[in-house]
Amino acid sequence: MRSDAMSAAATPYADLSPDLVLDAVDAAGFATDGRLLALASYENRVYQVGVEDGAPLVAKFYRPGRWSDAAIAEEHAFALELSDAELPVVAPLVIGRRTLLEHAGFRYALYPRRGGRAPELESADHLAWMGRLLARMHGVGARARFCERGSIDTDTFIRAAARAVLASGLLPDRLDGTYRARTDTLASIIDARFAAIEPTRIRLHGDCHGGNVLWTDTGPHFVDLDDARMGPAVQDLWMLAPSSRARDTLLEGYAEFRDFDFRELSVIEPLRIMRQVHWAGWVAARWHDPAFPRAFGYVGEARWWEQHLNDLAEAESHLVDD
């Protein structure tokens with residue numbers, strides 16, 4: 001790789017200045033008023049932008065090289081389809097028949113700003129409400145398939161993630177063999193668990209945790225479909241249910257609008273492990289971005305990887321005994 005290309009990969013947002021962000025929103029036809037607030041995001045860069053004589057907008061600048069234009073188009077089309085079905089999803093604005101825009105080499109999308117607070121996942125009413133909404137979302141998700149966005153599977157969430165870790169230099173050399181063997185074993189065990197039930201795969205939110213749900217006086221709404229993929233319905237349920245009782249309440253609401261295949265409960269633990277390995281691979285693959293060492297400095301320490309391997313060994317033991 002040429003040195004200039006390597007520099008661009010290491011600092012993908014180095015040229016994304018406040019002026020460029022405001023210029024991009026102006027170029028989309030909105031008169032900005034100079035107010036700019038960076039919102040929490042590591043994978044992409046997201047800003048609240050003030051607009052003259054109007055409500056603020058949210059501008060999302062996509063990380064270069066992560067998703068293809070076609071994959072982002074599928075995300076946007078799914079969000080709009082959900083919105084058209086009167087589901088509370090924050091969908092991108094359509095500007096000149098397009099949702100994916102480009103300015104100065106950056107791809108971006110604009111969204112209406114929607115505030116809110118975190119859901120109360122201990123509340124039976126909130127959980128049942130979320131269950132009903134997810135059932136309706138999955139009903140829409142089952143109408144078609146993603147072709148460009150991939151699926152929640154071990155190739156992506158374990159094998160590819162492990163390769164990113166092994167290539168990163170973060171993992172101490174003495175742990176390379178153990179990490180490779182342990183992730184290979186986990187992938188094989190989890191593949192067998194999924195093969196045993198062959199769950200139906202539908203279009204999902206994909207990252208449906210409490211941080212991606214905002215609650216207002218009128219109820220919840222979903223944000224951030226950046227991780228939307230094909231997968232089993234239970235993927236959008238398990239992160240919202242902190243206990244088996246909460247899960248039962250969530251599923252009671254879900255059952256009001258859509259049947260749930262209860263065999264999928266057997267892959268909750270595999271999905272949890274897949275998420276752990278995928279997170280490690282995500283951080284390792286992004287370590288060249290200065291924001292990641294600043295936020296996750298502990299991942300650069302040998303003791304973190306030793307604990308991560310211990311967690312994976314414990315997870316393997318539970319899966320084998322289950």
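The values are calculated or read from the model by the stated rules, or taken from the named source; none is laboratory data. As the structure is a computational prediction, the values presented were derived from the model and not from experiment. Cβ sites come from the backbone with ideal geometry, for glycine too, and all protein chains shown count toward neighbours. Ligands, DNA and RNA are excluded from the accessible area calculation, which covers all protein heavy atoms including side chains. Shrake-Rupley method; radii C 1.70, N 1.55, O 1.52, S 1.80 Å.
Below are the figures for this structure:
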item: Filter result for the condition that a residue is open to solvent by 10 Å² or more (accessible area, probe 1.4 Å), closer than 30 Å to residue 129 by Cα, of a type in the set (A, V, I, L, M, F, W, C) and in contact with a Pro (Cβ under 8 Å, 6 or more places away or on another chain), over 194, 222; result: 194
item: Test set (1) within 12 Å of residue 135 (Cα to Cα); (2) over 21 Å from the mean Cα position of the chain (by Cα) - residue 237 fails condition number; result: (2)
item: Any hit, the stretch 185-203, residues being under 30 Å from residue 61 (Cα atoms) and not in a strand (DSSP E or B); result: yes
item: Residue in the stretch 285-293 that is open to solvent by 10 Å² or more (accessible area, probe 1.4 Å), modelled with pLDDT of 95 or more and closer than 20 Å to residue 153 by Cβ present; result: yes
item: The stretch 40-94: number of residues that are among the polar types (S, T, N, Q) and not in a loop (DSSP other than H, G, I, E, B); result: 2
item: Which numbered condition residue 167 fails, given (1) closer than 22 Å to residue 139 by Cα; (2) out of contact with any Asp or Glu (no Cβ under 9 Å at 6 or more places or on another chain); result: (1)
item: Matching entry among 35, 63, 45 (being open to solvent by 60 Å² or more (accessible area, probe 1.4 Å) and among the basic types (Lys, Arg)); result: 35
item: Matching residues, the stretch 68-87, being aliphatic (A, V, I, L, M) and either within 17 Å of the chain's Cα centre (by Cα) or buried (at least 18 other Cβ atoms within 10 Å of the Cβ) (or both); result: 71, 72, 73, 77, 79, 82, 87
item: Filtered residues of the stretch 181-196 (kept if in contact with a Leu (Cβ under 9 Å, 6 or more places away or on another chain) and hydrophobic (A, V, I, L, M, F, W, C)); result: 186, 189, 190
item: Residue match in the stretch 155-177 (condition: within 14 Å of residue 285 (Cβ to Cβ), touching a residue at least 60 places away in the same chain (Cβ under 8 Å) and among the charged types (D, E, K, R)); result: yes
item: All positions within the stretch 213-250 that are touching a Lys or Arg at 6+ places or on another chain (Cβ under 8 Å) and of a type in the set (Phe, Trp, Tyr); result: 215, 238
item: Candidates 92, 119, filtered to the one that is open to solvent by less than 30 Å² (accessible area, probe 1.4 Å), in contact with a Lys or Arg (Cβ under 9 Å, 6 or more places away or on another chain) and not aliphatic (A, V, I, L, M); result: 92
item: Subset tally (residues that are farther than 15 Å from residue 79 by Cβ and either of a type in the set (Ser, Thr, Tyr) or part of a loop (DSSP other than H, G, I, E, B) (or both)) for the stretch 109-147; result: 12
item: Total residues in the stretch 56-76, condition of a type outside the set (D, E, K, R) and either more than 18 Å from residue 23 (Cα to Cα) or at pLDDT below 95 (or both); result: 9
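Residues are listed down the side, and each one gets a yes or a no for (1) surrounded by fewer than 20 Cβ atoms within 10 Å (Cβ to Cβ); (2) in contact (Cβ under 8 Å) with a residue 60 or more places away in the chain; (3) closer than 28 Å to residue 117 by Cβ:
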residue	(1), (2), (3)
208	no, yes, yes
215	yes, yes, yes
233	no, yes, yes
237	no, yes, yes
244	yes, no, yes
266	yes, yes, no
